[in-house]
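Single-structure report; data block below.
The values are calculated or read from the model by the stated rules, or taken from the named source; none is laboratory data. The model shown is predicted, which means the values in this text are computed figures rather than measured ones. Methodologically, a virtual Cβ is constructed for each residue, glycine included, from the backbone with ideal geometry; neighbour enumeration extends over all protein chains shown.
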Amino acid sequence: MVGTHRLPNRVFVAPMAGVTDLPYRKLCRALGAGHAVSEMAASNPRLWATVKSARRIDHAGEAAPRTVQIAGGDAAMLAECARFNVDRGAQIIDINMGCPAKKVCDAAAGSALLADEALVGRILDAVVAAVTVSCGVPVTLKFRTGPHRMARNALSIAAVAERAGVAMLTLHGRTRADGFAGQAEYDTIAAVKASVRIPVVANGDIDTPERAAHVLARTGADAVMIGRAAQGRPWIFREVAHYLRHGVHRAAPSIGEVRGLLAAHLEDHYAFYGAFTGLRTARKHIGWYVAALPDGDRFRSRMNAIEDCDAQRAAVDRYLADLGDDGDALPGEAVASLLRAA
């Protein structure tokens, strides 16, 4: 539960800038994700009218609960941003205190906020008052274990958040200084879970059903959140959910199913962004889909030179069709299944 919203399972999509747009969130939900959060939306009102911001807070046709992640470092501005998004249909507001990107941290936002616990408290108090107290919309927080390894303050941040009335915590098992280097650690997530009464979601390096089960057992967390492992593999959500429910693996997707999923994803992507931008932003998604497949690198190089949406879509379909019959398992997934079973 997040506020009054009952989520269908405990396998969530992590918000990722430039990735978790509306078409991608809808696809992940259709493939088993129990919750999806938008790309982070800037709290600066001067940016709200830009095309990029408008796309990031677009929830047309998206299933409830519709969640917008907001980012910034000014409490009053974040509170106003939360109200702005609730007025436009957001049903949950998530606050970003986890992004380690230099341009975000240089603006005293994202995980840079963790170094100032007093400011964290003011931000959370302001946003909760703006949308939870006033209209019942829950506020969630995504954060990291601390500014750096010698200053892991996630326990203090979690206590501040719970006192403020935050409805759910998502904790990535790295510090701001770690970026995405090394391995996530889960001891801090376990300690946070033991210290609060609100739901805690574990995030970081969850890339297989087994790892998801291990992290849940290790931390006691209520759910897991998957980010980079879902790029080009959106069916990971149903794989993890199936494994957590039944203890066995779900069959790998077939070539034919992936052809259909990718075709539908591209159609939605082109429609959402328009032909010019859609063609170009689709390239990274296609690249992720084919990265582990036979001759994927060579195909990606050829595909990146295509300048027409219809030709791009046709090239992808031909490439997948050449991998085998529609009923055959996708080669990369078949190999991954054998490795898991070994």
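Points to keep in mind about this one:
- Beta carbons closer than 7 Å, at least 6 apart along the sequence or on distinct chains, pair a first residue in the stretch 40-51 that is in a helix (DSSP H, G or I) with a second that is surrounded by 11 or more Cβ atoms within 10 Å (Cβ to Cβ) for PRO45/GLU80; LEU47/SER53.
- Among residues of the stretch 277-286, those that are touching a residue at least 12 places away in the same chain (Cβ under 8 Å) and touching a Phe, Trp or Tyr at 6+ places or on another chain (Cβ under 9 Å), counted: 6
- ALA305 modelled with pLDDT under 95, out of contact with any His (no Cβ under 8 Å at 6 or more places or on another chain) and of a type outside the set (D, E, K, R): no
- Residue selected from the stretch 142-162 under the condition within 18 Å of ALA184 (Cβ to Cβ) and among the aliphatic types (A, V, I, L, M), by the criterion surrounded by the most Cβ atoms within 10 Å (Cβ to Cβ): ILE157
- Filtered by the rule that a residue be of a type in the set (Gly, Ala, Ser) and surrounded by fewer than 21 Cβ atoms within 10 Å (Cβ to Cβ), the stretch 2-41 gives GLY3, ALA17, GLY18, ALA30, GLY32, GLY34.
- Test: residue in the stretch 268-281 that is of a type in the set (Lys, Arg) and outside any helix (DSSP H, G or I): no
- Any hit, the stretch 81-91, residues being under 18 Å from ALA158 (Cα atoms) and crowded, with 17+ Cβ neighbours inside 10 Å: no
- Matching entry among PHE272, PHE237, PHE299 (being assigned by TED's automatic domain parsing to the domain that holds CYS28 and of a type in the set (A, V, I, L, M, F, W, C)): PHE237
- One residue stands out among those in the stretch 263-297 that are at pLDDT below 95 and aliphatic (A, V, I, L, M): the one that is farthest from GLY232 (Cα to Cα), which is LEU293.
- Yes/no for GLU117 being surrounded by 16 or more Cβ atoms within 10 Å (Cβ to Cβ) and either in contact (Cβ under 8 Å) with a residue 24 or more places away in the chain or touching a Lys or Arg at 6+ places or on another chain (Cβ under 6 Å) (or both): no
- Checking TYR270, TYR319 one by one, the residue that is farther than 16 Å from TYR24 by Cβ, crowded, with 20+ Cβ neighbours inside 10 Å, touching a helix residue (DSSP H, G or I) at 6+ places or on another chain (Cβ under 9 Å) and of a type in the set (Ser, Thr, Tyr) is TYR319 and no other.
- Among the residues making up the stretch 57-77, those that are surrounded by fewer than 24 Cβ atoms within 10 Å (Cβ to Cβ) and either among the β-branched types (Val, Ile, Thr) or outside any loop (DSSP other than H, G, I, E, B) (or both) are ILE57, ALA75, ALA76, MET77.
- With respect to (1) in a helix (DSSP H, G or I); (2) without any contact (Cβ under 8 Å) to a residue 40 or more places away in the chain; (3) of a type in the set (Gly, Ala, Ser), the lone exception for GLY256 is condition (2).
- The single condition among (1) closer than 13 Å to ALA79 by Cβ; (2) crowded, with 19+ Cβ neighbours inside 10 Å that PRO138 does not satisfy is (1).
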